[in-house]
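Beneath this line is the structure, given in structure tokens, with notes to follow.
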Amino acid sequence: MKPALNRRQALLAGGAAWCCTLPIARANDTRTLNFVIVSDTHLGRNDNDVAERNWLQAIDEINQQPGEFVLHLGDVVDGGRPAQYPRYAELRKRLHKPIHEIPGNHDPVDLFRQHIAKPIDRVLDCGDFRFLLINNAHRDSHHGFITGEQLQWLDRQCVEASKQSRLAVLCCHVPIHSNKHPDRGWYVLPQDGQREFYELRERHSATLIASLHGHFHNGIRGWRDHGEMVETLLPSVCYNQSRGLAEHLQAGRADGFFVDELRPGYVLAELGQGRLKLQYKPLRHEPNGEYAAKWPAK
């Protein structure tokens, strides 16, 4: 048997898995679901084709990967460039898997609805899991929101998921978790729905197991300190930037977890049989690093 990871290894999670426990009694009975997560493709960034070439590379690779569908966590286009939305809609036809997008702070809602998806807030049921996709991004701010109407909708969807013995995963561009330096400091502020969301999470603690976000361009980064829910930001296909998180975590100047990999890429996800595994796949390279959560609690 391999020895347990020490705190430094667990926090950095580079090339290894940090395992946590979740109090979801039925989790071990769920069938494994494989899917792919992409985010922040930013087509048209800097008015060149670098972002498009990265997205095409990702599409070619994803077509060869296991997975029933693809989640896109927002910022489909950079700066809301109108001409890039029909281009994105054309490129997505090359995927051999269904793709489900949500808007980010770069995506005007009217263009998103016209070219990509409507309604925006919607449900994706797959096997033993219910994915709740919502728009929580402002065009004029890096902070996010969850409206009262969205909170009521999320509450209803979690109730229905529980009745169907499904576990729920929230997908929205901006993280809900508070954060500050060395992180971006962008999140859903308490007055904009954060407080009410965590009350909802408490009510549905046996059903709502994770939230998935883009926005930060800092690889796989997250926390698990609101009950047992895992809150995770995912890497950008276009570009990622160093915030020195590995060093800050090692020195105790930040909390949570971080996979020490920042090349443009996407994530291969496995959910079921009592665990969530997120494996970092840099473009044109082999997978490098993963984060894993296990449940139920011992």
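Picking from Gly227, Gly193, which residue would you name as being farther than 23 Å from Val38 by Cα, of a type outside the set (A, V, I, L, M, F, W, C) and modelled with pLDDT under 95? Don't jump to the end; show me each part of the working.
Working: Gly193 fails: modelled with pLDDT under 95.
Going through Gly227, Gly193 in turn, the sole match is Gly227.
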> Given the conditions (1) more than 20 Å from the chain's Cα centre (by Cα); (2) modelled with pLDDT of 95 or more, and given that Pro103 satisfies all but one, which numbered condition is not satisfied?
Replying inline: (1)
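Look through His215, His204 and report the one residue that is under 26 Å from Trp153 (Cα atoms), surrounded by fewer than 22 Cβ atoms within 10 Å (Cβ to Cβ) and not hydrophobic (A, V, I, L, M, F, W, C).
Details: His215 fails: surrounded by fewer than 22 Cβ atoms within 10 Å (Cβ to Cβ).
Being under 26 Å from Trp153 (Cα atoms), surrounded by fewer than 22 Cβ atoms within 10 Å (Cβ to Cβ) and not hydrophobic (A, V, I, L, M, F, W, C) holds for just one of His215, His204, which is His204.
Suppose we keep only residues that are among the charged types (D, E, K, R), assigned to a loop (DSSP other than H, G, I, E, B) and closer than 30 Å to Ser165 by Cα within the stretch 24-57. Which one would you say is farthest from the chain's Cα centre (by Cα)? First the steps, then the outcome.
Going residue by residue through the stretch 24-57, those that are among the charged types (D, E, K, R) are 26, 29, 31, 40, 45, 47, 49, 52-53.
If we keep only those that are assigned to a loop (DSSP other than H, G, I, E, B) too, we end up with 26, 31, 40, 49.
Checking the rest, the ones that are also closer than 30 Å to Ser165 by Cα come to 26, 31.
On the way: Arg26: 23, Arg31: 21 Å.
Filtering first and then ranking leaves Arg26.
Test of understanding: among Ala206, Ala168, which residue is touching a residue at least 24 places away in the same chain (Cβ under 8 Å), in contact with a Pro (Cβ under 8 Å, 6 or more places away or on another chain), over 19 Å from Pro103 (Cα atoms) and of a type outside the set (S, T, N, Q)?
Values: Ala168 fails: in contact with a Pro (Cβ under 8 Å, 6 or more places away or on another chain).
Testing whether each residue is touching a residue at least 24 places away in the same chain (Cβ under 8 Å), in contact with a Pro (Cβ under 8 Å, 6 or more places away or on another chain), over 19 Å from Pro103 (Cα atoms) and of a type outside the set (S, T, N, Q) leaves just Ala206.
Checking the structure you have, find out if any residue of the stretch 58-66 is in contact with a Leu (Cβ under 8 Å, 6 or more places away or on another chain), closer than 28 Å to Gln273 by Cβ and assigned to a strand (DSSP E or B). Don't jump to the end; show me each part of the working.
Looking only at the stretch 58-66, we keep the residues that are in contact with a Leu (Cβ under 8 Å, 6 or more places away or on another chain), and these are 58-59, 61-63, 65-66.
Imposing the further condition that a residue be closer than 28 Å to Gln273 by Cβ reduces the set to 58, 61-63, 65-66.
From what is left, the residues that are assigned to a strand (DSSP E or B) are none.
Among the residues of the stretch 58-66, not one is in contact with a Leu (Cβ under 8 Å, 6 or more places away or on another chain), closer than 28 Å to Gln273 by Cβ and assigned to a strand (DSSP E or B), which makes the answer no.
Given Ser141, Ser162, which one is assigned to a loop (DSSP other than H, G, I, E, B) and of a type in the set (Ser, Thr, Tyr)? Steps first, please.
Numbers: Ser162 fails: assigned to a loop (DSSP other than H, G, I, E, B).
Result: Ser141 is the single residue among Ser141, Ser162 that is assigned to a loop (DSSP other than H, G, I, E, B) and of a type in the set (Ser, Thr, Tyr).
Could you check the stretch 109-132 and list, in sequence order, the residues that are part of a strand (DSSP E or B), free of Cβ contacts under 8 Å to residues at least 60 places away in the same chain and buried (at least 21 other Cβ atoms within 10 Å of the Cβ)? Explain how you work it out, then say what you get.
Quick first cut of the stretch 109-132, residues part of a strand (DSSP E or B) only: 122-126, 129-132.
After this cut, where a residue has to be free of Cβ contacts under 8 Å to residues at least 60 places away in the same chain as well, the list is 122-125, 130, 132.
Scanning the stretch 109-132 gives Arg130, Leu132.
Scan the stretch 258-298 for residues that are part of a loop (DSSP other than H, G, I, E, B), without any contact (Cβ under 8 Å) to a residue 40 or more places away in the chain and within 18 Å of the chain's Cα centre (by Cα) and jot them down.
Of all residues in the stretch 258-298, those part of a loop (DSSP other than H, G, I, E, B) come to 259-264, 273-274, 283-289, 295-298.
With without any contact (Cβ under 8 Å) to a residue 40 or more places away in the chain added as a condition, the list becomes 263, 285-287.
If the condition is that a residue be part of a loop (DSSP other than H, G, I, E, B), without any contact (Cβ under 8 Å) to a residue 40 or more places away in the chain and within 18 Å of the chain's Cα centre (by Cα), then Arg263, Pro287 are the ones that fit.
The values are calculated or read from the model by the stated rules, or taken from the named source; none is laboratory data. Because the structure is a prediction, the values reported are computed rather than measured. Ideal geometry is used to build each Cβ from the backbone, glycine not excepted, and the neighbour counts take in all protein chains shown.
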